[in-house]
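The values are calculated or read from the model by the stated rules, or taken from the named source; none is laboratory data. Since the structure is predicted, the reported quantities are computational estimates derived from the model, not experimental observations. Every residue, glycine as well, gets a Cβ built from its backbone with ideal geometry; the counts of neighbours run over all protein chains shown. Only protein heavy atoms, including side chains, enter the accessible area calculation; ligands, DNA and RNA are left aside. Shrake-Rupley method; radii C 1.70, N 1.55, O 1.52, S 1.80 Å.
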Amino acid sequence: MVRVMPYAAIQFSSHEQWKRLLSRGDGAKYLSPMRRYLAGSLAGATAVTFTYPLDLARARMAVTNAEKYKTLLSVFNKIHREEGVKTLYRGFSPTVIGVLPYAGTSFFTYETLKKLHGEYSGKTEPHTLERLLFGACAGLSGQSASYPLDIVRRRMQTAGVSELGSHYSSIWGTLKYVAQSEGVIGGLYKGLSMNWIKGPIAVGISFSTFDTMQLIIRRLIFFYEDS
């Protein structure tokens, strides 16, 4: 939760800002496909940049026993003393490279489905359940597009506490080692089927919640301005 909350807040708010910056100023509701994808990618990169140390701390706590890292603060203290501050951003490159297609594909899919829904249904906004479905499709496509880089990210993050850490010093080295030792499907796509169950549900809820809250806030502002 400590990571998810700021990550989601930064990603969705920065996405709105990137959409404004990339718009052509013609008042169109949706960006062009390329700009739609770019806005999503930049939003993901922005969120990762600000919250990456929290992601690394979470990964370390997940693969070590409770005595080594008792609290989130102890993770940062130990890494700072034993490995240096730079370690807090170890694995940052594959994470950013991975989040570009993930966030880009997710936001592109969601925005495109909303656009197509409006064109074919004639409705200005989709129903909450439709938003959930669009978000689930976005999560499914985003994870499928970037999953191998997510494997690389996790391996590099935990290299400092792994016996095989020397094999995870670079993006290409990690990809090569995992593919050779565990196979492409069994290694680089390990756990993807489980993510297909968990991911779409989580992303669907995130997108629909953000959209719904945004609509509610806008209506409240409009109501108080008119009253």
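This table checks each residue for (1) open to solvent by 50 Å² or more (accessible area, probe 1.4 Å); (2) at pLDDT 85 or above; (3) assigned to a helix (DSSP H, G or I); (4) closer than 30 Å to LYS114 by Cβ.
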position: LEU140; (1), (2), (3), (4): yes, yes, yes, yes
position: MET156; (1), (2), (3), (4): no, no, yes, no
position: SER169; (1), (2), (3), (4): yes, no, no, no
position: LEU175; (1), (2), (3), (4): no, no, yes, no
position: GLN180; (1), (2), (3), (4): yes, no, yes, no
- Checked region 112-132 for anything part of a helix (DSSP H, G or I) and crowded, with 17+ Cβ neighbours inside 10 Å; matches are THR112, LEU113, LYS114, HIS117, ARG131, LEU132
- Task: Look at GLU82 and say whether it is among the charged types (D, E, K, R) and within 17 Å of the chain's Cα centre (by Cα).
- Result: no
- Does ILE151 satisfy the criteria of being modelled with pLDDT under 85, surrounded by 14 or more Cβ atoms within 10 Å (Cβ to Cβ) and under 16 Å from the mean Cα position of the chain (by Cα)? yes
- For region 87-100, does any single residue satisfy the condition of being within 15 Å of the chain's Cα centre (by Cα), in a helix (DSSP H, G or I) and of a type in the set (S, T, N, Q)? yes
- Query: Is it fair to say MET34 is closer than 24 Å to ILE151 by Cα, of a type outside the set (Val, Ile, Thr) and part of a helix (DSSP H, G or I)?
  - Reply: no
- Query: Which of (1) open to solvent by less than 60 Å² (accessible area, probe 1.4 Å); (2) at pLDDT below 90; (3) within 22 Å of LEU149 (Cα to Cα) does MET61 not meet, given it meets every other one?
  - Reply: (1)
- Item | Test result for ALA9, over 18 Å from SER93 (Cα atoms) and assigned to a helix (DSSP H, G or I) | yes
- Item | Qualifying position, being of a type in the set (A, V, I, L, M, F, W, C) and open to solvent by 20 Å² or more (accessible area, probe 1.4 Å), among VAL96, VAL75 | VAL96
